[in-house]
Amino acid sequence: MVLLNDVSDRLALEDSEERRVFSQVTWQQYEALLADLGEKSPYRVHFLDGDLEIVAPSRLHESGKTRIGDLLLIYFLETNTEYFPMGSTTLRRPERQAGGEPDESYCIGLDKEFSDLAIEVIVTSGSINRLELYRRLGVREVWFWQSGRLAIYHRREDTQFAATAGYEPIARSELLPDLDMELLTRCLQNPNPLAAARAFRQGLQ
């Protein structure tokens, strides 16, 4: 197995996103890596059943997640929605062998230990199963922004959606039912962030 303390030498922070997955990693090694990287690490680290994924986000990745966060802030303010931003807080459940760092995450209504909503910007594929990861972490809703489209998944208690780790693909958020997802998508597709924010705020009024 590749030595985890060498990982910083193996990942380059270039504009093209870099992703590495290591197998047969123990929970203790995962925790040690997080401690080594520190709170201000530029990497996103995910762990599931001994598979460790480390992502060095590209500029495109970071731009996408920041713009989603900016527009959601406008939504929360304009609609007077109680929210608690958790950003890329590391969520860990050792008893479930799961740990991860969403691109953006939020508690809605009440502040909690684990977020209600996790948002992932997907630039490169081939990662560990994010829906299974977030199911084990108890996240109720997961959004994926990929290739200019939003995919929304809400966790269900039954086994009907085994192929998507117990999450149902839905068209509108159940956590934020009044949010116009088509408006949000159009504004995220706008290459000008300021114009997108103005159009989004106007669309909410």
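As a check on your grasp of the helix formula, calculate [θ] at 222 nm for the chain: sum -39500 (n - 2.57) over DSSP H runs of n ≥ 4, divide by the residue count, round to the nearest 500.
-9500 deg cm²/dmol
Neighbour counts of other C-beta atoms within 10 Å: give me W27, W143 arranged from fewest to most.
In order of increasing Cβ crowding within 10 Å: W27, W143.
Would you kindly state how much longer the chain becomes between E31 and N129 on full extension, computed as 0.36 nm times their sequence separation minus their alpha carbon distance, in nm to one decimal?
33.3 nm
Helix 27-37 versus the longest principal axis of the chain: what angle, 0 to 90°, nearest 10, using Cα atoms?
On a 0 to 90 degree scale, this one is about 70.
Taking only Cα atoms, what is the 0 to 90° angle, nearest 10, from helix 193-204's long axis to the longest principal axis of the chain?
Between helix and principal axis, roughly 50 degrees.
If you place +1 on the Cβ of every Lys and Arg, -1 on the Cβ of every Asp and Glu, and leave all else neutral, what size is the dipole of the chain about its Cα centre, to the nearest 20 Debye?
300
With the crude spin-label approximation of a point 7 Å out along Cα→Cβ, what separation in nm comes out for Q160 versus M181?
That separation, rounded to one decimal, is 1.6 nm.
Tell me the label-point distance for the pair N80, E168, using the 7 Å Cα-to-Cβ offset, in nm and rounded to one decimal.
3.0
Every number here is computed from the coordinates shown, using simple stated rules; none is lab data. Given the structure is predicted, the values throughout are model-derived calculations rather than measurements. Cβ coordinates were reconstructed from backbone atoms using ideal geometry, including for glycine residues, and neighbour counts include every protein chain displayed.
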